[in-house]
Amino acid sequence: MADLRAFLDRLEVDGDLVHIDGPLSPRFEIPAVLKRFDCGKALLFEKVEGYDTRIVGGVCGTRRRILKALGVETEALYGRILHAVRNPTPCEVGDGPVKDVVEGLSLSEIPVLTHFEGDPGPYITSGVLYARSPDGSVENVSFHRLLVLDGGRMAVRVVPRHLYRLMQLTREAGASSLDVSISIGLHPAVMVAASAPVPFGTCEFEVANALLGGGLRLTECEHVDALAPADAELVLEGRLRLDEEAAEGPFVDLSGTRDVERRQPIIEVVGAMHRKDYIFQALLPAGSEHRLLMGMPKEVRIWEYARNVVPTVRGVNLTPGGMGWLHCVVSFEKFREGDPKNVLMAIFAAHPSLKHAVVVDSDIDPFDLEQVEWAIATRFRGDEDLLVIPHVRVSSLDPASDQEHELGCKVGIDATKSLLKPEEGFRGAEIPLSERVRKLLDRYAAGVH
Ligand SMILES: Cc1cc2nc3c(=O)[nH]c(=O)nc-3n(C[C@H](O)[C@H](O)[C@H](O)COP(=O)(O)O)c2cc1C
């Protein structure tokens, strides 16, 4: 089944889920534990102070768990996501466990986390928002952080992309609000699809359904004109006001530093649907889950663009240290001396927020940053292999840039071997391995002495 619970059961069997007894408060205490175990196992908080609801966090916190959820190996991941984006599969619509309870829920009844000191309030960070155009022809699904303002209102951060466009279309149609559903507690495939950059008009639920081989069911909301996954844990039904804004932020974003405060639209909550014992899903801002979900779909696009320039791309890593967003390493097979700078330009075109990119030969594992540094140390020359692009659009999340105008500098590093020099000079020396040494090493590696 394509729901969060089935996936948690699987993590349980695999020993990849830790139960935390608590009791712990959603204000700072649970976020502190999530941060301590970031990049590790998923965490299920059994006792949440002041609430009967359990909280799960870090579900997509490792690359390995996301691969497990999609049932795919690293090498096949990008092809699989691209295939799903190009072949979205319509979902069946009917009832499901999310309709166990249909009610008018106050936001104060939900254990929304307050993550960092200085946060303006509790933030829902795992909410996946669905909306459709006034004529029903365009549907969109995307992540949006939600600042809880009171029991019935939230400020929603909307970067000008597809939801923003739907808001414009709704305004042009003469309406003052847009119906939305906000789904919380979802299978990782839905989370990956919601963060994938798909063309306007492609419904990300259908992309998730393709990723799941047809396993995603949707349901009609009870209080608003919107769809939501029938197997979600919790769905908030709301009206996104086109005529009302509130202060949103400062929010701790990907970089772990504070984003600026902005005026953003308000969502009025008009109802809710949830499982009887719903699990609230937490997602730590600037944690590994946030970075992986933001970065992984961009890796797909970088892979695709790089493959336009060179046929064999071994791997793409939007590195954790670069927040899964600003730094990228691409490993590929170099055939011509001029290839690397073209690959660098393709990478920057694929992901305009990127700040620094490193390209390496296919003998370097892009996920092993010590190998990458070795390649920079032994194959890169600052006078020939550096690409510097000043005064260019960069990420608003880069505190070193001109954040007001999103202007900064991009740097590309070609750490591939020069084809104009003998290859042996670049090769790492090896020690021959006899059969008995190999056996001895295997025994030691297995802990038998
Ligand atoms: C955890 C997470 C949080 C996000 N928060 C926001 C947000 O608050 N506002 C926003 O506009 N995009 C946010 N995004 C990015 C969008 O979900 C993502 O870029 C998506 O591709 C945009 O959808 P669209 O292409 O349909 O517009 C977030 C992504 C993730 C993974």
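The values are calculated or read from the model by the stated rules, or taken from the named source; none is laboratory data. Every value quoted in this text rests on a predicted model; they were computed, and no experiment measured them. Note that each Cβ is placed from the backbone with ideal geometry, even for glycine, and that neighbours are counted across all protein chains shown. SASA here: full protein model, heavy atoms, side chains in, ligands and nucleic acids out. Shrake-Rupley method; radii C 1.70, N 1.55, O 1.52, S 1.80 Å.
A few remarks follow.
- Checking each residue in region 37-58 for being under 19 Å from the mean Cα position of the chain (by Cα) and open to solvent by less than 70 Å² (accessible area, probe 1.4 Å) picks out 38, 40, 42, 43, 56, 57, 58.
- So residue 35, is it out of contact with any helix residue (DSSP H, G or I) (no Cβ under 9 Å at 6 or more places or on another chain) and closer than 19 Å to residue 293 by Cβ: yes
- Residue list for region 101-117, restricted to those being in a loop (DSSP other than H, G, I, E, B) and either farther than 17 Å from residue 157 by Cβ or of a type in the set (Lys, Arg) (or both): 104, 105, 106, 110, 111, 117
- Residue that is most open to solvent (accessible area, probe 1.4 Å), among those in region 191-235 that are within 16 Å of the ligand (Cβ to nearest atom) and over 20 Å from the mean Cα position of the chain (by Cα): 201
- Breaking point among (1) acidic (Asp, Glu); (2) assigned to a helix (DSSP H, G or I); (3) at pLDDT below 90, for residue 442: (3)
- Hits in region 143-159 - residues which are of a type outside the set (Lys, Arg), more than 6 Å from the ligand (Cβ to nearest atom) and assigned to a strand (DSSP E or B): 146, 147, 148, 149, 150, 154, 155, 156
- Candidates 254, 240, filtered to the one that is open to solvent by less than 10 Å² (accessible area, probe 1.4 Å), within 15 Å of the ligand (Cβ to nearest atom) and under 19 Å from the mean Cα position of the chain (by Cα): 254
- In region 1-59, of all residues being basic (Lys, Arg), without any contact (Cβ under 8 Å) to a residue 40 or more places away in the chain and outside any helix (DSSP H, G or I), the one that is farthest from residue 209 (Cα to Cα) corresponds to 47.
- Look at (1) in contact with an Asp or Glu (Cβ under 7 Å, 6 or more places away or on another chain); (2) modelled with pLDDT of 95 or more and you find that residue 394 fails only one, number (2).
- Qualifying residue in region 174-185 (condition: within 16 Å of the ligand (Cβ to nearest atom), outside any helix (DSSP H, G or I), in contact (Cβ under 8 Å) with a residue 24 or more places away in the chain and farther than 17 Å from residue 267 by Cα): yes
- Residue check for residue 260: outside any helix (DSSP H, G or I) and either more than 24 Å from residue 68 (Cα to Cα) or of a type in the set (A, V, I, L, M, F, W, C) (or both): yes
- Among (1) among the basic types (Lys, Arg); (2) away from the ligand (no atom under 13 Å from the Cβ); (3) within 19 Å of residue 220 (Cα to Cα) - the single one residue 171 does not satisfy: (3)
- Scanning region 64-100 for residues that are surrounded by fewer than 17 Cβ atoms within 10 Å (Cβ to Cβ), over 22 Å from the mean Cα position of the chain (by Cα) and not in a loop (DSSP other than H, G, I, E, B) turns up 92, 93.
- Filtered residues of region 127-156 (kept if among the charged types (D, E, K, R) and either open to solvent by less than 40 Å² (accessible area, probe 1.4 Å) or closer than 18 Å to residue 91 by Cα (or both)): 132, 139, 145
- All strands (runs of 3 or more DSSP E) inside region 294-377 with 3 or more residues being surrounded by 16 or more Cβ atoms within 10 Å (Cβ to Cβ) and more than 22 Å from the chain's Cα centre (by Cα): 356-361
- Considering the conditions (1) assigned to a strand (DSSP E or B); (2) under 20 Å from the mean Cα position of the chain (by Cα); (3) touching a residue at least 40 places away in the same chain (Cβ under 8 Å), residue 289 is excluded by exactly one of them, (1).
- Matching residues, region 394-449, being on the phi < 0 side of the Ramachandran plot, acidic (Asp, Glu) and open to solvent by 40 Å² or more (accessible area, probe 1.4 Å): 402, 404, 423, 424, 430, 435, 442
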